[in-house]
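Heads up, the thing below is written out as structure tokens.
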Amino acid sequence: MSSRKDSRSFKGKKTPLGFVVNPPVFWISFASILVFVIATLLMQEGVEELFSEIRAFIAEKAGWFYILMVNAILIFCTYLAFGKFKNIRIGGETAKPEFTYWQWFAMLFNAGIGLALMFYSLTEPMYHFAHPPQNEGLNGSPVQLAFGLTFLHWGIHGWAIYGLVGLAVAFFAYNRGFPLSLRAVLYPLLGDRIYGGMGHIVDILSALATIFGLATTLGIGIQYINAGLFYLFGIENSAFMQIILVTLLTTGATISLVLGLKRGIKNLSLISAWLAVSILAYVFVVGPTLFMLDSFVQNTGFYLQNLISLGSWGEVYSDANWQDEWTLFYWGWWFAWSPFVGIFVARISKGRTVREFIAGVILVPTLTIIIWVSIFGGAGIYEELFGQGGISAAVDENMTTAIYVLMERFPLSEISSFAVVMTGVVFFITSSDSGSFVVDCITSSSDGDTPKLQRVFWTCLEGLVACILLLSGGLVALQTASLIFGLPIAIIIIPLGFALVKEMKKELESKL
């Protein structure tokens, strides 16, 4: 394959503003977002009901497909990690990693999940404990089931999606000379058609999924940050204030993005990682330490023992919609985020072997999440069962303030609560700048080395979408956006896997 020639075929063109863009991808993506924003503002009265209907329709018709895909991808990634491709190195046999393990883990974790997990690690297991789904053969006590479902939503299945997309993009970028793009991965199947309409469609869907998936995370995260500021300082907790906060934090993300990958994104990711570790250590030390350790061991064992039954559960034999609002939303969210996280992780993973990549992207974050949820969720469950109680009620009353109610039970609560808010702020900025970096890569067919004004453009546009979704239906709108844009990406991943295996076989044959 003449990869150098193929790579040049992706080169973007200059616009009068000095932007370097792939015109069809850039302008159609921008126009689609603009149409969404205008239509949402004009349909303000009925848009929340519309989003609810769309979400219910997708969950009903495509729920089985989401569940099937996440399991198939996990099995496929296991095959890649232990099969004949495991020792292939991204970038070739002599390639060296650009970042240390700690820097690598910090950046992929921040980009992949950090902001939302900061708050859901307490509220989700508490909610599942108080409001479990109708039991259709799901084993375990209410507490075990609550943790098992939380681990399912945040664990190995979701990270496998990131792992497959990231590995495919990285291999084609660093072993075949293509830009960081999903369309490039389809070259073995589509040939030169990836340079035309079919390739443009893949990149447009990737850009839109990234924008709306990122807006979901930022919208959820800003609600928790606003709740913390209200809880600590009495700052108004409202959609208007959340828009102001999105504007301020988007400015911070813009500065980070302009500084670039190494000076901005990498350094902020390290700061947020250290802040998160410090808060985690604090809760572990001052909280019910032995209970957390016991909880970690028992709940991890339950999760691993029931991985198949949890992962394949489809709420088939009841008329409830619990899974629509939780599991299916998460699968849509993971798929919607996979172009963003996959491309970003690909960019920082040159020099890693296939096995190293799969372990680093799937197993390390999953273990970190299990520890995180066991500490925050374990502290909340302990308070509910053996302490003063009231955590479950706090979650039911307002999910966004529950973590601050928990912090009140520990010493130095004002300091720790402020640290939680600040960690959320830094996580917001790192998610925003990483996502904008990737959208810029997709729409310019480059590695992100574009004019600063162009990067600022995407950061601001992504903040605008988050604000519109918050105004037009809050969490329902955010969940619907993920489900809608996650579906086409889930479909694209099927040929992506076939193309990756086909090209990796050539890589091995070339060494014989």
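Just so you know, all these numbers are worked out from the coordinates, no wet-lab data involved. For clarity, every value in this text was computed on a predicted model and none was experimentally measured. Cβ placement follows ideal geometry from the backbone for every residue including glycine, while neighbour counts extend to all protein chains displayed.
For this structure, a couple of remarks:
- On Cα atoms only, tilt of 23-42 relative to the major axis of the chain in degrees: 30
- For the chain, the longest principal axis of the Cα atoms and the long axis of helix 197-233 meet at an angle of about 30 degrees.
- Built amide H within the under 5 Å cut-off of Thr353, gap 5+: Ile90
- Counted by neighbouring Cβ atoms within 10 Å, the residues Ser272, Ser434 run from fewest to most as Ser272, Ser434.
- Entry for the chain at q = 0.06, 0.10, 0.11 Å⁻¹: log10 I(q)/I(0) = -0.25, -0.74, -0.90, Debye formula applied to identical alpha-carbon scatterers, no solvent contribution.
- The residue list Gly219, Asn87, Leu208 was ranked by how far each Cα lies along the charge dipole of the chain toward its positive end, using unit charges on Cβ atoms, and Asn87 comes out on top.
- Which of Thr400, Thr94, Thr15, Thr250 has the fewest Cβ neighbours within 10 Å, and the rest in rising order: Thr94, Thr15, Thr400, Thr250
- Order of Asp294, Asp324 under a 10 Å beta carbon neighbour criterion, fewest first: Asp294, Asp324
- For the chain, adding -39500 (n - 2.57) for each run of n ≥ 4 DSSP H residues and dividing by the number of residues yields -25500 deg cm²/dmol at 222 nm.
- Links that overshoot a 29 Å alpha carbon limit, given the list Lys350/Lys505; Lys14/Lys506; Lys350/Lys502: Lys14/Lys506
- Point-charge dipole on Cβ atoms (K/R +1, D/E -1) for the chain, about Cα centre, debye to 20: 2860
- Exposed-loop-free span, longest in the chain, where GluC sites (Glu not before Pro) count as exposed if DSSP calls them loop and at most 10 other C-beta atoms lie within 10 Å: 94-512
- Between Ser510 and Met241, full extension at 0.36 nm per residue minus the direct alpha carbon distance yields a gain of 91.0 nm.
- Loop-located trypsin sites (Lys or Arg not before Pro) in the stretch 150-194 whose Cβ has at most 11 other Cβ within 10 Å (DSSP): none
- In a reduced charge model with +1 at each Lys and Arg Cβ and -1 at each Asp and Glu Cβ, the stretch 356-468 shows a dipole moment near 140 debye about its Cα centre.
- Mean separation of Cα pairs under 8 Å and 6 or more residues apart, divided by the residue count, gives the chain a relative contact order of 36 percent.
- Against the chain, whose longest principal axis comes from its Cα atoms, helix 239-259 is set at around 40 degrees.
- Whether the stretch 258-381 is rounded, prolate or oblate, judged on the alpha carbon gyration tensor where a/c under 1.5 counts as rounded: oblate
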